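Inspection log for the structure reproduced underneath, given as structure tokens.
Derivation of every value follows stated rules applied to the coordinates shown; laboratory data play no part. This one's a predicted model, so the numbers in the text were calculated from it and none came from an experiment. Using ideal geometry, Cβ is built from the backbone for each residue, glycine included, and neighbour counts are taken over all protein chains shown.
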Amino acid sequence: MPITTELREAAARLAQAGLPTPRADAELLAAFVLGVPRSRLLSIDDLTPSQRSRWLELISKRARRVPLQHLTGTAPFLDLDLKIGPGVFVPRPETELLARWGIGVLADSDRPVVVDLCSGSGALALAVASERPKARVYAVERSEEALKWLWLNVSGTPVEVVAGDIRDVELPSGVDLVLSNPPYVPAGTQVAPEVLADPPEAVFAGEDGLDLIPAVIDRAAQILRPGGRLGFEHDDSHVDLAHLLERWFESIESHSDLAERPRFTTAIRKA
């Protein structure tokens with residue numbers, strides 16, 4: 001059977017399962033099995049029996065809403081391919097906006113010090129380290145399961161892992177930038193089945209989703225230098241978080257995601 005026909009049938013199966021991007025998922029899984037870029041799929045005449053069997057097994061798992069990243073073992077983040085699996089939060093495209101902001105504000109910094117609080121897979125820390133190689137970057141994470149993936153991802157990079165709770169681990173002072181994608185979804189919120197595969201402690205944060213964000217703000221205030229920057233992601237129901245920031249921060253600004261929903265907030269540490 002031509003691969004184009006098989007892709008169409010697989011996409012139809014995933015669409016019936018309610019996936020939002022069935023064709024893309026079918027193609028990405030086929031490219032993974034074949035070991036080729038997705039763009040080269042149409043140049044493949046056919047799958048071998050073993051390739052087809054493996055691909056259809058993955059399609060079946062994806063139809064059961066196993067996250068795509070758990071099936072391929074990787075997740076793209078900017079120009080990075082992060083190792084991902086059960087036990088660690090899968091980075092989302094929305095967080096790339098926060099990463100780009102952080103990279104941008106360091107444009108004129110010579111050797112900045114950067115801290116990623118609630119680092120998970122290390123997406124934010126590694127994105128900064130990749131684009132700002134002179135930066136000294138720390139990734140803070142407390143989950144033992146997430147730390148396994150964080151250590152894998154930072155291997156061979158200058159990112160320094162700090163294992164422990166953001167509230168009390170030892171961190172440098174005089175920091176130039178703090179970034180964070182903490183858990184922030186209000187408990188009881190209806191989420192996609194794939195989100196339920198993420199560790200609950202990395203997703204949900206109490207009734208209003210604000211169980212941890214005040215701790216992120218307080219720790220950032222402790223370690224940032226005057227004029228240092230803070231950027232953190234939050235739920236789209238958190239329209240205005242200035243009241244949590246204004247004691248220690250100024251120039252507080254809310255930023256929207258590609259769907260025009262409030263997605264992250266930035267601020268500057270007061271003198």
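Could you work out the relative contact order of segment 75-269? I mean the mean sequence separation of Cα pairs under 8 Å and 6+ apart, divided by the number of residues, in percent. Walk me through the numbers on the way to the answer.
Details: 397 pairs, mean separation 37.6, N = 195.
RCO, segment 75-269: 19 percent.
Treating only the Cβ atoms of Lys and Arg (+1) and Asp and Glu (-1) as charged, compute the dipole magnitude of the chain about its Cα centre; round to the nearest 20 debye.
I would put it at about 680 debye.
Need the C-alpha centroid separation for segment 4-45 versus segment 50-67, integer Å.
The distance from the Cα centre of segment 4-45 to that of segment 50-67 comes to 10 Å.
In what sequence do Tyr184, Tyr138 fall when counting other Cβ within 10 Å, fewest first? All intermediate terms of the calculation are to be shown ahead of the outcome.
Details: Tyr184 26, Tyr138 21.
Least crowded to most crowded, the residues run Tyr138, Tyr184.
Mind checking the full-extension length gain between Arg167 and Ser109? Use 0.36 nm per residue of separation minus the Cα-Cα distance, one decimal, nm. Walk me through the intermediate numbers first.
Numbers: separation 58, 0.36 × 58 = 20.88 nm, distance 2.68 nm.
Gain in length upon complete extension: 18.2 nm.
Using Cβ counts within 10 Å as a stand-in for footprinting exposure, how do Val90, Val203, Val137, Val191 rank, fewest first? Numbers along the way, then the final one.
On the way: Val90 21, Val203 18, Val137 27, Val191 12.
Fewest-to-most ranking of Val90, Val203, Val137, Val191: Val191, Val203, Val90, Val137.
So, in Å, what gap is there between the alpha-carbon centers of segment 184-256 and segment 84-138?
Segment 184-256 and segment 84-138 have Cα centres separated by 16 Å.
Would you mind working out the magnitude of the charge dipole of segment 150-271 relative to its Cα centre, with +1 at each Lys and Arg C-beta and -1 at each Asp and Glu C-beta, to the nearest 20 Debye? List each step's numbers first, then the result.
Details: 9 positive and 21 negative charges, 105 e Å.
Result for segment 150-271 is approximately 500 debye, rounded to the nearest 20.
Beyond 32 Å, what percent of the Cα pairs of the chain remain? Let's see the in-between values first.
Values: 10563 of 36585 pairs.
So the portion of pairs separated by more than 32 Å is 29 percent.
Treating only the Cβ of Lys, Arg, Asp and Glu as charged (+1, +1, -1, -1), what charge dipole size does segment 3-64 show about its Cα centre? Round to the nearest 20 debye.
Details: 10 positive and 7 negative charges, 45 e Å.
The dipole of segment 3-64 has a size of about 220 debye.
Which lysines does Lys270 reach when only Cα atoms under 29 Å apart count, and residues fewer than 8 places away in its own chain are ignored?
Candidates past the 8-residue exclusion: Lys134.
Any chance you could list P(r) for segment 3-64, counting all Cα-Cα pairs in 5 angstrom bins from zero, rounded to whole %?
Histogram of Cα-Cα distances, whole percents per bin: 4, 21, 34, 26, 12, 3.
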